[in-house]
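**Student:** My structure is below; once you've seen it, I'll send some questions.
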């Protein structure tokens with residue numbers, strides 16, 4: 001995936017790729033989590049990326065599924081223990097503030113590239129998060 005033949009044009013594309021892996025897991029009858037918005041967020045670009053990556057990269061989907069599952073449970077455990085603020089740096093197209101069982105009083109702050117957060121905000125328009133959600137557009141590479 002190096003060089004000009006790479007389907008990944010920038011870091012935002014990795015968010016679309018991971019969102020598609022979440023969508024594929026969601027569509028399994030025995031899914032370990034459900035993300036009803038993942039396919040919408042991945043979009044056609046996510047589909048195109050997955051189609052273009054080598055088969056070995058597609059076989060690694062389990063690692064992204066395991067990562068999502070483990071972080072979901074870790075966050076929920078920390079919230080049960082009293083955490084009242086989550087700061088998600090490089091939030092990408094994460095949907096945890098919409099899909100996890102979280103208290104309404106939890107503050108969730110997403111930080112990521114302005115263009116990606118604008119795209120995400122538009123895609124999630126009309127869908128209410130389960131907790132207090134704030135987005136901070138910021139290029140963390142700067």
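Just so you know, all these numbers are worked out from the coordinates, no wet-lab data involved. Note that the coordinates shown come from a computational prediction; the quantities given were computed from them, not determined experimentally. Using ideal geometry, Cβ is built from the backbone for each residue, glycine included, and neighbour counts are taken over all protein chains shown.
**Student:** Quick check on the exposure proxy: order 112, 48 from fewest to most C-beta atoms within 10 angstrom.
**Tutor:** 48, 112
**Student:** Between 0 and 90 degrees, rounded to the nearest ten: what's the tilt of helix 114-123 against the longest Cα principal axis of the chain?
**Tutor:** It is inclined by approximately 80 degrees.
**Student:** What is the gain in length, in nm to one decimal, between residue 121 and residue 40 on full extension, counting 0.36 nm per residue of separation less the C-alpha to C-alpha distance? Write down the numbers at each step before the final one.
**Tutor:** Values: separation 81, 0.36 × 81 = 29.16 nm, distance 1.20 nm.
Extra length available between residue 121 and residue 40 comes to 28.0 nm.
**Student:** For residue 89 and residue 77, compute 0.36 nm times the residue count separating them, minus their Cα-Cα distance, and round to one decimal in nm.
**Tutor:** 2.4 nm
**Student:** When the helix-only estimate is applied to the chain (DSSP H runs of n ≥ 4, each -39,500 (n - 2.57), divided by the residue count), what is the mean residue ellipticity at 222 nm, nearest 500 deg cm²/dmol?
**Tutor:** Theoretical 222 nm ellipticity from helices: -15000 deg cm²/dmol.
**Student:** So, in nm, how far is label residue 134 from label residue 107 when the simple model puts each one 7 Å beyond its Cα toward the Cβ?
**Tutor:** 0.5
**Student:** If you don't mind, another one. Please tell me the relative contact order of the chain in percent, rounded to the nearest whole number, where contacts are Cα pairs under 8 Å and at least six residues apart.
**Tutor:** 21
**Student:** Based on the mean of other beta carbon atoms within 10 Å per residue, what is the order of 130-142, 91-103, most packed first?
**Tutor:** The packing order, highest mean first, is 91-103, 130-142.
**Student:** I want to check the label-to-label distance for residue 14 and residue 48. Put each point 7 Å from Cα in the C-beta direction and report it in nm to one decimal.
**Tutor:** 2.0
**Student:** Let's test the formula: R0 of 41 Å, r as the Cβ-Cβ distance of residue 142 and residue 32. What FRET efficiency results, to the nearest 0.05?
**Tutor:** After rounding to 0.05, the efficiency reads 0.70.
**Student:** Run through all the Cα pairs of the chain and give the fraction in each 10 Å bin from 0, expressed as whole percent.
**Tutor:** Percent of pairs per bin, in order: 11, 40, 37, 11, 1.
**Student:** Calculate how steeply helix 61-80 sits against the longest principal axis of the alpha-carbon atoms of the chain, using the helix alpha-carbon long axis, and give the answer as 0 to 90 degrees to the nearest 10.
**Tutor:** Value to nearest ten degrees: 10.
**Student:** Could you work out how far helix 11-26 tilts from the main Cα principal axis of the chain, as a 0 to 90 degree angle to the nearest 10?
**Tutor:** 80
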